[in-house]
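K.L.:
Could you have a look at this structure, given as structure tokens, before my questions?
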Amino acid sequence: MIKKDAPQPSSIYKYLNWEERETEKAVGEIFMLEPIKDLRSQTIKFLDILKIKYNEEAIEGVIDILADEYVNYNIPYDKTLETLERLKLDYSLGLITNSTDLAFEPLRKKYSFDKIFDKIIASYEVGLIKPDPRIFELALGKLGVKSKEALMVGDNPINDLQAARAVGIKGLMLDNKNKYPNYTPRIASITEIFNYLSQNL
């Protein structure tokens, strides 16, 4: 939930639940549909939409999260890159990401995503965000595969899996944080994907 006080940068996470649907939607609409042009004004619009009373420190706090903190604290889970390299030997790999250019481009370069994935569909490059079915259809077209031939691996039951299934793509929950223990089908680590593939594809 969202607290309506003016937060300090160090406590901004307490005021904004980034997994709250309302917050997630606002972030997507304001920051992720195109490259960021004016981060400050977009941040103010974001806080206004969520009806948060803000001050200069709050604005800077959100900016830090969207830029520096996102990049510094978002790193792949153990064995992720190695697993993707192994998968790439037998499968075409695509990445669909809801992200800002400020956050994703440094990660893209740091971890050589363009060498790992055959196609990358970034929301700010295509003007679409998950769960819009068109972004999945776009990914299928770029990879040259049919929906029945594809598998969406994701950690968001709505944006990733429900949305993918809506266009006929099978979905697999990657539940690294054990948030959805009863979700089916589910893997708790990316390394478990090989067992899943051997039994289901």
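The values are calculated or read from the model by the stated rules, or taken from the named source; none is laboratory data. Remember, predicted model here, so these are calculated numbers, not experimental data. Cβ atoms come from the backbone with ideal geometry, glycine included; neighbour counts cover every protein chain shown.
K.L.:
Residues ILE52, ILE30, ILE44, ILE36: which one is part of a loop (DSSP other than H, G, I, E, B), surrounded by 15 or more Cβ atoms within 10 Å (Cβ to Cβ) and modelled with pLDDT of 90 or more?
P.N.:
Of the residues listed, the single one that is part of a loop (DSSP other than H, G, I, E, B), surrounded by 15 or more Cβ atoms within 10 Å (Cβ to Cβ) and modelled with pLDDT of 90 or more is ILE36.
K.L.:
If a residue must be under 13 Å from the mean Cα position of the chain (by Cα) and surrounded by fewer than 16 Cβ atoms within 10 Å (Cβ to Cβ), how many such residues does region 76-104 contain?
P.N.:
Final tally of qualifying residues: 1.
K.L.:
Report yes if ILE190 is within 15 Å of THR80 (Cα to Cα) and either touching a Cys at 6+ places or on another chain (Cβ under 6 Å) or touching a residue at least 60 places away in the same chain (Cβ under 8 Å) (or both), otherwise no.
P.N.:
yes
K.L.:
Among the residues of region 131-149 satisfying the criterion of being without any contact (Cβ under 8 Å) to a residue 40 or more places away in the chain and in a loop (DSSP other than H, G, I, E, B), which is farthest from the chain's Cα centre (by Cα)?
P.N.:
Here the answer is LYS146.
K.L.:
What number of residues in region 178-201 are among the charged types (D, E, K, R) and in a loop (DSSP other than H, G, I, E, B)?
P.N.:
Final tally of qualifying residues: 1.
K.L.:
Starting from region 113-128, keep only residues that are over 14 Å from SER99 (Cβ atoms) and of a type in the set (S, T, N, Q), then list their pairs with residues that are modelled with pLDDT of 95 or more and surrounded by fewer than 18 Cβ atoms within 10 Å (Cβ to Cβ) whose Cβ atoms are within a distance under 7 Å, requiring at least 6 positions of separation or different chains.
P.N.:
From residues that are over 14 Å from SER99 (Cβ atoms) and of a type in the set (S, T, N, Q), there are no pairs.
K.L.:
If you don't mind, another one. From the list LYS88, LYS37, LYS130, LYS119, exactly one residue is of a type in the set (Lys, Arg) and touching a Gly at 6+ places or on another chain (Cβ under 7 Å). Which is it?
P.N.:
Working: LYS88 fails: touching a Gly at 6+ places or on another chain (Cβ under 7 Å); LYS37 fails: touching a Gly at 6+ places or on another chain (Cβ under 7 Å); LYS130 fails: touching a Gly at 6+ places or on another chain (Cβ under 7 Å).
Within the list LYS88, LYS37, LYS130, LYS119, the selection yields LYS119.
K.L.:
List the residue pairs whose Cβ atoms are under 6 Å apart, where the first residue sits in region 23-36 and is within 12 Å of LEU128 (Cβ to Cβ), the second is at pLDDT 95 or above and crowded, with 19+ Cβ neighbours inside 10 Å, and the two are 6 or more positions apart or on different chains.
P.N.:
GLY28/ILE129; MET32/SER123; MET32/TYR124; MET32/ILE129; GLU34/TYR124
K.L.:
Just give me the residues in region 82-134 being in contact with a strand residue (DSSP E or B) (Cβ under 7 Å, 6 or more places away or on another chain) and among the acidic types (Asp, Glu), in sequence order.
P.N.:
Passing the criteria: ASP114, ASP118.
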